[in-house]
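Reviewing the structure listed below.
The values are calculated or read from the model by the stated rules, or taken from the named source; none is laboratory data. Worth saying up front: this structure is predicted, and the values here are computed from it rather than measured. Heads up, the Cβs are rebuilt from the backbone with ideal geometry, glycines too, and the neighbour counts pull from every protein chain shown. We work out accessible area using only protein heavy atoms, side chains counted, and drop any ligands, DNA or RNA first. Shrake-Rupley method; radii C 1.70, N 1.55, O 1.52, S 1.80 Å.
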Amino acid sequence: DAPLWGPQDEVVVSPSKVDTVTTCALRWAFESAGGTAPDATHQTLGTLVHSLAEEHPAAPLSVLRAELDRPWPELAVPEGWPSRQLRRRAEEMVARLAEYYQDSGEPVLVEPAFDLTLGRARLRGKIDRVESDGEDAVTVADLKTGRSAPSKDKAAENPQLGAYQLAVAE
């Protein structure tokens, strides 16, 4: 029966939730107040691959595969078919990451944090990578670990990437 934030309160938004704010503000409000389900195994796998990318920002596939072995037991996936499927998916993800490294620019910043205030909104988060082309251009990269990444033609309209670009510009 009362607003979640007062008229002068700052409202913190992470770049990954900018789209949710615009498509379903109620869902975003619930989630920002802690109303989310615990991480599913596929989310944990995505977090694991992101941590490998942070710790090894230009590693070859052999290193990424070896590093995948180290934390794998912490996932506590039961033996059997689901475990083998998850492992196959993880190996495909690190193979795509290694392939991406070969085709991308030099990582200038890896997981840099930012904190930007725009009116009452506080945009706070981390960018996966900022890469240089060796000249004067930089690219903001958001590594996707889901089953499907947004298409390149949709990237220009992606709210999360827009938030990252705003952070870099500021």
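Could you look through the stretch 1-25, keep only residues that are at pLDDT 85 or above and farther than 25 Å from D142 by Cα, and pick out the one that is least open to solvent (accessible area, probe 1.4 Å)?
Once the filter is applied, the top-ranked residue is G6.
With the condition kept exactly as written, say whether any residue in the stretch 30-42 is closer than 26 Å to E170 by Cα, outside any strand (DSSP E or B) and open to solvent by 30 Å² or more (accessible area, probe 1.4 Å). Lay out the reasoning, then the answer.
Filtering the stretch 30-42 down to residues closer than 26 Å to E170 by Cα leaves 32.
Of the ones still in play, those that are also outside any strand (DSSP E or B) are 32.
With the extra rule that they be open to solvent by 30 Å² or more (accessible area, probe 1.4 Å), the set shrinks to 32.
Checked against the condition, which is being closer than 26 Å to E170 by Cα, outside any strand (DSSP E or B) and open to solvent by 30 Å² or more (accessible area, probe 1.4 Å), the stretch 30-42 yields at least one hit.
Of all residues in the stretch 105-118 being modelled with pLDDT of 90 or more and in a loop (DSSP other than H, G, I, E, B), which is farthest from the chain's Cα centre (by Cα)?
Top of the filtered list is P112.
Given the residues G146, G134, G125, which is the only one that is part of a loop (DSSP other than H, G, I, E, B) and in contact (Cβ under 8 Å) with a residue 40 or more places away in the chain?
On the way: G134 fails: in contact (Cβ under 8 Å) with a residue 40 or more places away in the chain; G125 fails: part of a loop (DSSP other than H, G, I, E, B).
Every option except G146 fails the conditions.
Would you check if there is a residue in the stretch 96-109 being free of Cβ contacts under 8 Å to residues at least 12 places away in the same chain and within 19 Å of V12 (Cα to Cα)?
no
Considering only the stretch 95-123, state which residues are under 16 Å from H50 (Cβ atoms), surrounded by fewer than 16 Cβ atoms within 10 Å (Cβ to Cβ) and of a type in the set (A, V, I, L, M, F, W, C).
The answer is A95, A113.
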